[in-house]
Amino acid sequence: MTICRTHLGCMENSIHIRQGLPTEMQVLLRDYPRDAWPGHPNFAASIQNWMAAHGMFRRLTDISAREVEDYLDKRREPDDFARRFGHYGDQLVRNLHGHHGWEDHSFFPELSGADPRFDHGLAMLERDHVALDQRLEAFTRTANRTLKLIQLDPLEAREEAAGLLDHTDAIRGFLARHLADEEDLVVPIILHHKLRG
């Protein structure tokens with residue numbers, strides 16, 4: 001089983017890593033702090049579903065990392081690992097591509113129309129999506145190679161899996177920061193402008 005791979009074309013080699021949502025993008029977050037969101041009357045089911053998708057991505061990266069760790073530590077048989085990791089890795093890649101494609105082409109333009117003050121922040125999140133595509137491409141290449149090597153060369157498969165764990169951990173760290181920034185920028189805009197109710 002292989003993980004779905006999206007051709008990305010030529011990408012820049014360097015990926016800028018940001019540490020948190022820039023201060024100028026936190027204007028509405030100060031008025032609508034995270035702990036007040038669930039009780040806000042404009043916290044609609046659609047935004048709860050959007051955030052639930054973010055939770056799913058966090059869980060899928062955790063599961064994927066745990067699967068690789070279990071395989072490397074010989075707590076998971078190679079064929080069982082290949083089946084399970086192929087499933088969870090594929091779900092992670094496919095769902096992330098679909099989710100951030102929808103955000104870039106539909107959701108973010110809607111938010112920009114409601115409050116163009118945050119266009120710079122939305123563009124920043126779109127750049128994150130490009131960087132994430134690069135990370136997913138590297139993850140997919142290494143995952144597919146690992147899964148093939150399990151059948152062809154079990155010793156080399158373990159060596160490749162160590163690199164796969166690095167890619168999985170990198171995606172997990174990137175998503176932790178990106179998803180938090182995305183929520184901290186987007187949800188206050190929605191609450192403030194009563195969108196998606």
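The values are calculated or read from the model by the stated rules, or taken from the named source; none is laboratory data. Given the structure is predicted, the values throughout are model-derived calculations rather than measurements. Note that we place each Cβ from the backbone using ideal geometry, even for glycine, and neighbour counts take in every protein chain shown. The accessibility values were calculated without ligands, DNA or RNA, using every heavy atom of the protein model including side chains. Shrake-Rupley method; radii C 1.70, N 1.55, O 1.52, S 1.80 Å.
Key figures for this structure:
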| item | result |
| --- | --- |
| Output for segment 75-99, where each listed residue is out of contact with any helix residue (DSSP H, G or I) (no Cβ under 9 Å at 6 or more places or on another chain) and farther than 17 Å from Leu136 by Cα | Arg83 |
| Qualifying residue in segment 172-183 (condition: among the basic types (Lys, Arg) and either assigned to a helix (DSSP H, G or I) or closer than 19 Å to Gly55 by Cβ (or both)) | yes |
| Single residue of segment 153-186 satisfying the filter (among the basic types (Lys, Arg) and under 16 Å from Thr61 (Cα atoms)) that is nearest to the chain's Cα centre (by Cα) | Arg172 |
| Hits in segment 158-173 (condition: touching a residue at least 60 places away in the same chain (Cβ under 8 Å) and open to solvent by 10 Å² or more (accessible area, probe 1.4 Å)) | Arg158, Ala162, Leu165, Asp169, Arg172 |
| Test: residue in segment 100-107 that is more than 30 Å from Leu165 (Cα to Cα), in a helix (DSSP H, G or I) and touching a helix residue (DSSP H, G or I) at 6+ places or on another chain (Cβ under 9 Å) | yes |
